[in-house]
Number of protein chains: 2
Amino acid sequence: MRVLIVEDEIGIANFLKQGLEEESFVVDVAYEGGEGLIMALSGEYDILILDWMLPEKSGIEICTEFRKKFKKTPVIFLTAKDTMKETILGLQSGANDYIKKPFHFDELLERIKVQLRPNTEELEGLTLGSIKLNLNTYQVTKNNVEIPLTQKEFSLLEMLIRNKGKVCKRSRIIESVWDIHFDYNTGVIDVYINALRKKLKLSGDENYIQTIRGVGYIAKEL
Amino acid sequence: MRVLIVEDEIGIANFLKQGLEEESFVVDVAYEGGEGLIMALSGEYDILILDWMLPEKSGIEICTEFRKKFKKTPVIFLTAKDTMKETILGLQSGANDYIKKPFHFDELLERIKVQLRPNTEELEGLTLGSIKLNLNTYQVTKNNVEIPLTQKEFSLLEMLIRNKGKVCKRSRIIESVWDIHFDYNTGVIDVYINALRKKLKLSGDENYIQTIRGVGYIAKEL
DNA sequence: TTTTTTTCTTAAAATATGCTTAAAAATTTA
DNA sequence: TAAATTTTTAAGCATATTTTAAGAAAAAAA
């Protein structure tokens, strides 16, 4: 991750640069506003740390200009201007956070991490050997070949994979997949296990879904 | 915009609620942690304001649990726990900002606005293949030809595009577009999907809105 | 081995889902 | 208030899914 620090006090700038480099960021420093803005606009950075009072161009000006071109790249103010009014002005100029000096390096670091937090909402996909189950798209693939499943098939496979390595009793399966909470004598489970094994071609050396006679089924990688 | 405040001090809670309502937010308050978490998980809120110390469940626990399900919804801590270590813990639990008491309401408000700031996607308008959706003018075009849609049609299309690449369950659609929060058996969705497909001529090689039988619909570029 | 139990497999029956249309109800506009 | 538009309900239809059921196969018990 690349960080641009725009800070005219050399001591603070060095302290920040060193600290962030220890956290394996790639850090560039600009010591005055005009230079800072030009560097920021190059688009090479994942995040900006701005002082407010700077020679040539203030942090506010940098932030405002920068936002015209880059809507998303996070900007954090790090400044001695600590009044409420100033904080609000800083945030209104497009910054994502506003930290007042004196500051704790560890808190700054954490706030940087917050801004760089991947904001992907996607849930983790479930896998079983070469089988992948995408909970966003309800797609199931085996060796990247899509295999269309019906709702009940999907739901059963999902339950088995979520309990990968553990035996799923028939009673738990009928509860979880069919939402039936009383004793119920039926052969549906067998039929659906059969359908899964057929569609997913789970035979011989790829028998990911095994029968535990008298109990239920277990999904496991072999 | 809907805000959930979880705060056990009634005075502060009322103060916040009133202040935010004056800014035309819709505000709900939970006075203890367990209740707060349940409300948060309902998925009805655009942002959470959490106290740390709460009866039953701490703000940290709420935030951690909430993040398991909602990766994106912003969370702001508002707490008297003001040490650096605590701040870091709060942010690490998944919060987006951490404000220490005593606080200025105007700064809190500004920080809320920062979190709710529309992302680039919304600024540039939503698109789905050659279809463009302008949220300001409520115009929809396909290949730059305007296609008039009714409100419900627009709203449904907007929801699908906002979740582009992800399946929208029927239950989520009826919640989001029709604002119905209980189990409701209806065929309106089908009718409106049909209308959209017709008006937007989504057939054959342009079938941007696909049916996931037994689940819902998914919008995707092919 | 024979019997019993459990699971597998298949096909048909029952059910559910989604598409399409038309008309009724509600809402907005003139 | 009447007309136009939008929204919702409802029903028929085709099709996909789910369930039942029954015989075959396999495993365990006697």
Take residue B:118 and tell me if it is assigned to a loop (DSSP other than H, G, I, E, B), of a type outside the set (Lys, Arg) and under 23 Å from residue B:14 (Cα atoms).
no
Restricting attention to region A:77-87, does a residue exist that is more than 8 Å from chain B (Cβ to nearest Cβ), farther than 16 Å from residue A:40 by Cβ and within 16 Å of DNA strand D (Cβ to nearest atom)?
no
Any hit, region B:183-191, residues being within 14 Å of another protein chain (Cβ to nearest Cβ) and more than 8 Å from DNA strand C (Cβ to nearest atom):
yes
Region A:192-222, residues that are free of Cβ contacts under 8 Å to residues at least 12 places away in the same chain and either more than 12 Å from DNA strand C (Cβ to nearest atom) or among the small types (Gly, Ala, Ser) (or both):
A:203, A:204, A:214
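Listed here are the residues, each with its yes/no results for (1) part of a loop (DSSP other than H, G, I, E, B); (2) under 20 Å from the mean Cα position of the chain (by Cα); (3) among the small types (Gly, Ala, Ser).
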residue	(1), (2), (3)
B:44	yes, yes, no
B:62	no, yes, no
B:72	yes, yes, no
B:90	no, no, yes
B:102	yes, no, no
B:108	no, yes, no
B:111	no, yes, no
B:133	no, yes, no
B:140	no, no, no
Those residues of region A:123-151 which are of a type in the set (A, V, I, L, M), within 14 Å of chain B (Cβ to nearest Cβ) and open to solvent by less than 50 Å² (accessible area, probe 1.4 Å) amount to A:133, A:135, A:140, A:149
Check on residue B:154, more than 10 Å from every other protein chain (Cβ to nearest Cβ), in a helix (DSSP H, G or I) and either crowded, with 16+ Cβ neighbours inside 10 Å or more than 20 Å from the chain's Cα centre (by Cα) (or both)
yes
Picked from region A:93-106 (must be surrounded by 18 or more Cβ atoms within 10 Å (Cβ to Cβ) and not aliphatic (A, V, I, L, M)), the residue farthest from the other protein chains (Cβ to nearest Cβ) is A:93
Could you tell me whether any residue of region A:185-200 is open to solvent by 50 Å² or more (accessible area, probe 1.4 Å) and hydrophobic (A, V, I, L, M, F, W, C)?
yes
For residue B:218: the one exception among (1) within 14 Å of chain A (Cβ to nearest Cβ); (2) within 22 Å of residue B:44 (Cβ to Cβ); (3) surrounded by 16 or more Cβ atoms within 10 Å (Cβ to Cβ)
(2)
On the basis of being near DNA strand D (Cβ under 9 Å from one of its atoms) and without any contact (Cβ under 8 Å) to a residue 24 or more places away in the chain, does residue B:145 make the cut?
no
Hey, can you tell me all the residues within region A:193-207 that are within 14 Å of DNA strand D (Cβ to nearest atom), touching a strand residue (DSSP E or B) at 6+ places or on another chain (Cβ under 7 Å) and of a type in the set (A, V, I, L, M)?
A:193, A:196
Condition set assigned to a helix (DSSP H, G or I), touching a strand residue (DSSP E or B) at 6+ places or on another chain (Cβ under 6 Å) and open to solvent by less than 40 Å² (accessible area, probe 1.4 Å), scope region A:159-172, selection farthest from DNA strand D (Cβ to nearest atom): answer is A:161
In this structure, does residue A:211 turn out to be open to solvent by 30 Å² or more (accessible area, probe 1.4 Å) and in a strand (DSSP E or B)?
yes
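The values are calculated or read from the model by the stated rules, or taken from the named source; none is laboratory data. From a predicted model like this one, the values you see are computed outputs, not experimental measurements. Note that we place each Cβ from the backbone using ideal geometry, even for glycine, and neighbour counts take in every protein chain shown. Surface areas here come from the heavy atoms of the whole protein model, side chains and all, with no ligands, DNA or RNA. Shrake-Rupley method; radii C 1.70, N 1.55, O 1.52, S 1.80 Å.
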